[in-house]
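The values are calculated or read from the model by the stated rules, or taken from the named source; none is laboratory data. Here the structure is a predicted model, which means the values were calculated and not measured. As a convention, Cβ positions derive from the backbone with ideal geometry for all residues, glycine included, and neighbour counts pool all protein chains shown. Ligands, DNA and RNA are stripped out before the accessible areas are found, and what is left, the full protein with its side chains, is counted by its heavy atoms. Shrake-Rupley method; radii C 1.70, N 1.55, O 1.52, S 1.80 Å.
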Amino acid sequence: MIADASSKPAERRWQGLSVSEGLVLGRVLRIHRGTKHVYPARIEVGDVAREIKRFREAVDQAKTQLLAIKDRAANLMGQDHAYIFDAHLLMLEDRKLSEEIENFITRKRANAEWAVKVLGDRLLSVYAEIKDDYLRERGSDIEDVIHRVLEALSGERPAYLDLVEEAVIVSEDLLPSAVAELDLGHARAIVTDAGGWTSHTAIIARGLGIPAMVGLEDLCQHARTGDGIVVDSYNSEVVLHPSNATIAQCLAEIQRRAGARPAAPASGTGIALTSDGLQVRLRANVELPAEFAGVSKYGALGIGLYRSEFLLAQPGVMLSEEKQYRAYSEVAELAGENGAVVRLFDLGGDKGGDSVADSERNPALGLRAIRFCLLNETVLRTQVRAIIRAAAKGQLDIVLPMVADVSDVMRAREIITQERAKLEKENEDCGPVRVGAMIEVPSAVFTAEKIARVVDFFELGTNDLVQYVLAVDRSNDKVADWFRSLHPAVLESISRTLKAARDAAIPAIVCGEMASTPAYAVVLVGLGATDLSMTPSSIPRVTRVLNGIDSRDAVAIATECLACATADEVEEIVRERFLARWPQLFPPRTLPAKKTQQRVDHMQDRER
Ligand code: PEP
Ligand code: MG
């Protein structure tokens, strides 16, 4: 008993940013992003054989993965291009390198990770000095192979695939590729060291309806898979190694909240009707199959945004046309007669998904989204073919992410037209597909009138719009206080874009996280939005709020907001006017207040 008590690590608490509400008790499942943290550990003589065995098993595992990737690459791009993986396989089979690593483990009594890292780094430094450009660049292959072996050594990969019911995902940051690989349907909560309200970890967690916190700084460094953990996003707190008293308190609170929970909201029609008769369409944003049930459960009017990059579980490895075709057909069927908008792979930036992103100095401004697609034409053509074919099964449209101006649209449209012509020649079943543009960078806002002439619809990505208009990293919790969705420059950009769409008589769907926050949704309607797309579980509360307002009041308030000079002024107006007109719809905590309360304005207590 005494030994037990003393060996239990002391309880530790972290404060972070709550991005999806809830309270859970579970066990940590730590997910590594990359191989940044490799530490030396001195092992006992008796453990040397075990470390060598671990190293050999990791090499075998890496080989198995590489062979599978090589097969997939051969299917997608042809045998000629799959040879790159032969070079990686040869490195893994290099007896001399393996012997050196094993000798290092024996001589230095080092852990296998450290031996791989030290020997790998030595090899890399030799390559870095080679004069020949081609040979020098092979260094990146070595890096890749080292990375893969280290990942296999982490021993946590198999756990990914086998999530236990109580798993709380703890990570530095979650990339779509990691999310796609995890069986998140079984996760209890997600907590990450980095991130903000609009980071993808947050969006996914809200989509799955599980609690999430971001901005926990160094939690991942201290948590180990299997540790007990409490995630209390109502109080913005994470407790690692909770004491018995904390566990008892937490269980009592979970029980109290379960008793107070209201009945599940009735599924709506996907259309909100303001008291003066304005119709607002409410669609669903989806990323993962685990979220699909929410589309009909909450009565969404089809799928306003399908983030297709979440299909890609392996960084740098694309899915075959056939696999994509099956995935998009499923989305079309799920969406029903109101259809779905498939966004082309929005890779790069905070979405990672390709090794390129890691090597870019400024990934958010780099090879992201449509730029990535246009420079990787095979990838773009494969995806476009799969979507056009799946559109024969149900209504699907394509939206181009992060276009900067008309030329991005024209280049993509040309490829879409060519692929359709080829498919028709091949006698494949094809469906009609409209092409839209995501308006989410300033240059697209400034040229919105021109872009409107060459697309069939707009989608306003307010998450990126705020990021790029205000130059605030959406995934960096340190600048979360500068991420002001109600900044007058953001509102002006939204207003201008909606006007451009109206003038060109094309639809405009607002699909960023602003749409799922009731107070912001009212401002959006005041700015002229009539089509919103959001996390399905937000649809009932946004419907309830929009049904309770007069859109003419919303327009009057939005007009006042547009005349403001600062985000503080806008927030003050929103707070005062909303409280005066609709006190029953907006309890004070759901409205923006002073800057320090920015962080709670998105959250709405489900108990209300
Ligand atoms: C957005 O930027 O608002 C958006 C909808 O897309 P994502 O969050 O995936 O970048
Ligand atoms: Mg975006």
Check your understanding: What are the ³J(HN,Hα) values, in whole Hz, obtained from phi via the Karplus relation 6.51 cos²θ - 1.76 cosθ + 1.60 with θ = phi - 60°, for each residue of segment 327-332 in sequence order, with x given for Gly and Pro?
Key -> 5, 6, 5, 5, 5, 4
Review point. Which aspartates and glutamates does Lys8 reach when only Cα atoms under 12 Å apart count, and residues fewer than 8 places away in its own chain are ignored?
Key: Asp227
Check your understanding: Which peptide among 477-483, 521-527 comes first, and what is the full order, when sorted by highest mean count of other Cβ atoms within 10 Å?
Key -> 521-527, 477-483
Revision key, fill the gap. Carbon plus sulfur, as percent of the 1.4 Å-probe accessible area of the chain, comes to 52
Check your understanding: If only Cα atoms are counted, what is the Rg of segment 471-510, and what is its Dmax, in Å?
Key -> 13.4, 41
Point to revise | Antiparallel bridges, percent of DSSP beta bridges restricted to the chain (to nearest 5) | key: 35
**Study point:** Residue-averaged 222 nm ellipticity for the chain, from DSSP H runs of 4+ at -39500 (n - 2.57), nearest 500
**Key:** -14500 deg cm²/dmol
**Study point:** Distance from segment 192-238 to segment 513-549 (C-alpha centre basis), Å
**Key:** 25
Review point. When only Cα pairs under 8 Å and 6 or more residues apart are kept, what is the percent relative contact order across the chain?
Key: 14
Point to revise | Those aspartates and glutamates that a straight Cα-Cα span of less than 16 Å connects to Lys499, excepting residues fewer than 8 apart in one chain | key: Glu440, Glu449, Asp456, Glu459, Asp531
Point to revise | Whole-Hz couplings from phi, Karplus 6.51/-1.76/1.60, listed for segment 239-245; x for Gly and Pro | key: 10, 9, 6, x, 6, 4, 5
Practice item. With 31 Å as the limit, write out which pairs from Lys70/Lys117; Lys108/Lys478; Lys70/Lys422 have Cα-Cα distances beyond it, or answer none. Key: Lys108/Lys478
Point to revise | List Tyr234, Tyr520, ordered by accessible area with a 1.4 Å probe, largest first | key: Tyr234, Tyr520
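Just the accessible area per residue of the chain, please: how many Å² with a 1.4 Å probe?
Here the residues of the chain average 43 Å² of exposed surface.
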Check your understanding: Kirkwood Rh, Cα Rg: Rg to Rh for the chain?
Key -> 0.99
Practice item. Give the span of segment 521-578's Cα atoms along each principal axis, as three whole-Å numbers ordered largest to smallest. Key: 34, 21, 19
